[in-house]
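Colleague: Sending over a structure as structure tokens; questions will come in a sec.
The values are calculated or read from the model by the stated rules, or taken from the named source; none is laboratory data. Note that the coordinates shown come from a computational prediction; the quantities given were computed from them, not determined experimentally. Positions of Cβ are generated from backbone atoms using ideal geometry, with glycine treated the same way; all protein chains shown enter the neighbour counts.
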2 protein chains.
Amino acid sequence: MTVPAIQVYALAGMGEVAAGDALDELIAVALAGQGLDVEDGDILVVTSKIVSKAEGRSVRADDREEAITAETVRVVATRAHPGGVTRIVENRLGIVQAAAGVDASNTPSGTVLLLPVDPDASARQLATALRAHLGVRLGILVSDTLGRAWREGQTDAAIGSAGVLVVDDLRGGVDTFGQRLEVTQMAVADEIAAAADLVKGKASGMPVALVRGLSQFVVDSLETPARALTRTGPTDMFRLGTDEALAEGRATGYAEGFAAGRLAGLAERP
Amino acid sequence: MTVPAIQVYALAGMGEVAAGDALDELIAVALAGQGLDVEDGDILVVTSKIVSKAEGRSVRADDREEAITAETVRVVATRAHPGGVTRIVENRLGIVQAAAGVDASNTPSGTVLLLPVDPDASARQLATALRAHLGVRLGILVSDTLGRAWREGQTDAAIGSAGVLVVDDLRGGVDTFGQRLEVTQMAVADEIAAAADLVKGKASGMPVALVRGLSQFVVDSLETPARALTRTGPTDMFRLGTDEALAEGRATGYAEGFAAGRLAGLAERP
């Protein structure tokens, strides 16, 4: 048996990305400059920030709160803090995150960045161009940094995918004791994005990583949307923050209780 | 500038772990058998399952629901499904997860496994023994598989740590534009556990991975608890599931409304 092993390389020398830049060309040049030959089954993880920059998704920082509102389809929870109000929302991509993913770091002063219009489509475009250019079956993930319920800190996750299976569905498989694995669906695209973040870093100016050794998750089809990793709707057990749900329930209950209590009071008339 | 790169190797040949086994010896033998020389700054990621097995944390499967109750300090949410009821709870380690982490896969038939008594302490013991045995400053992470709010599938996270900084606190640093990074605290231990899961797999019988290239997170001190990654208490905005909070709020509101309505009804007496 071959022992599984993966390698993750940061891609240096990308330089600053500007609106209208062709990311596939910038990445191909950086790969060549670093002497990294992309192989069949390799995965390139691209920070959403440079996709947004190339797509010209910059807006004036003065309009940040307005931009968050525009990107929001549903407010999950809000919390006031000394610097303002944090809004945790579902954005138009179906992703629940703080500030709808509107980002003020690593952007030119006075501007903030919106998420790409459609990160899965961006991934497909990049994968199509780079597969043609490099002549190999590579996969593309677009990553972003997300906070988590119940855990401190953030981790990177996949918000766009092309040619990479985002879930390893082990249900129906058997474990080493021959018992069925009932509930395990590993979000491998998020795990790959997390691994890539370990080399990319936040302040290093290296927004792309190459992940080698996971060709079992790389497929011909580019229709492997990361959108499948978002969970909203009926199966979402945390569609409202606790304080928000308590307040909503209390208002509903108060109205019901008041109506019933009034009838009871009237009935008590001597 | 050196371009960051990491390597992740699965460790083969561990065999089945039984109660009372010395994990440090099993791991050292497996490393040698595979010809993997552990280097200063390497991190070994060990699946909590084999730590539990070595610690004899097996209980009869018939007692699973009872075991979940015993491991639970607080119920966050419950949801009925055709196979029973899923309980998302805070366990005695401060981790919010389904079934309190009580696990029925990859265990001998008729048994389920509880989480280690204290995964941070288990990590410290392993790190102490392996550092002495191998003569290098390595780090240990104990990993488990967690579901996530708002995202499909599970990812591995760190529930025990010794010698590995669990958070990369970038607050106060500057980005490539010289602007302060205000809110970024990357949960690197969770990202490393996720990277390790990509080679370990669930059904492969390879419960340990070696991660190389992240020595900046490996420190002399073994007091680097993964417990610091759990977020419960006042800063937890999702301490109750939405349905549970709506119901609690409604009950509170109903009682308040009924009292007020009764007084209103009495006052309406002609």
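Colleague: Does residue B:129 fit the bill of being in a helix (DSSP H, G or I), surrounded by fewer than 20 Cβ atoms within 10 Å (Cβ to Cβ) and either in contact with a helix residue (DSSP H, G or I) (Cβ under 6 Å, 6 or more places away or on another chain) or assigned by TED's automatic domain parsing to the domain that holds residue B:17 (or both)?
Modeller: yes
Colleague: Being outside any loop (DSSP other than H, G, I, E, B), surrounded by fewer than 22 Cβ atoms within 10 Å (Cβ to Cβ), facing another protein chain (nearest Cβ under 8 Å) and in contact (Cβ under 8 Å) with a residue 12 or more places away in the chain narrows it down to one residue among B:194, B:228; which is it?
Modeller: Going through B:194, B:228 in turn, the sole match is B:228.
Colleague: Tally the residues that are at negative phi, within 14 Å of chain B (Cβ to nearest Cβ) and small (Gly, Ala, Ser), restricting the search to region A:116-154.
Modeller: Final tally of qualifying residues: 4.
Colleague: Test of understanding: among A:89, A:45, which residue is of a type in the set (A, V, I, L, M, F, W, C), in the same structural domain as residue A:148 (by TED's automatic domain parsing) and touching a residue at least 12 places away in the same chain (Cβ under 8 Å)?
Modeller: Within the list A:89, A:45, the selection yields A:45.
Colleague: Could you list, in sequence order, all residues of region A:197-221 that are part of a helix (DSSP H, G or I) and facing another protein chain (nearest Cβ under 7 Å)?
Modeller: A:197, A:198, A:199, listed by residue number.
Colleague: Please give the strands (runs of 3 or more DSSP E) falling wholly within region A:27-100 in which 3 or more residues are not basic (Lys, Arg).
Modeller: Fully inside region A:27-100 and qualifying: A:43-47, A:72-81, A:84-91, A:96-98.
Colleague: Would you mind stating whether residue A:80 is more than 10 Å from chain B (Cβ to nearest Cβ), over 13 Å from the mean Cα position of the chain (by Cα) and within 30 Å of residue A:15 (Cβ to Cβ)?
Modeller: no
Colleague: Sticking with this one: Please go through region A:52-78 and pick out each residue that is surrounded by fewer than 15 Cβ atoms within 10 Å (Cβ to Cβ) and not hydrophobic (A, V, I, L, M, F, W, C).
Modeller: A:56, A:60, A:62, A:63, A:65, A:66, A:69, A:74, A:78
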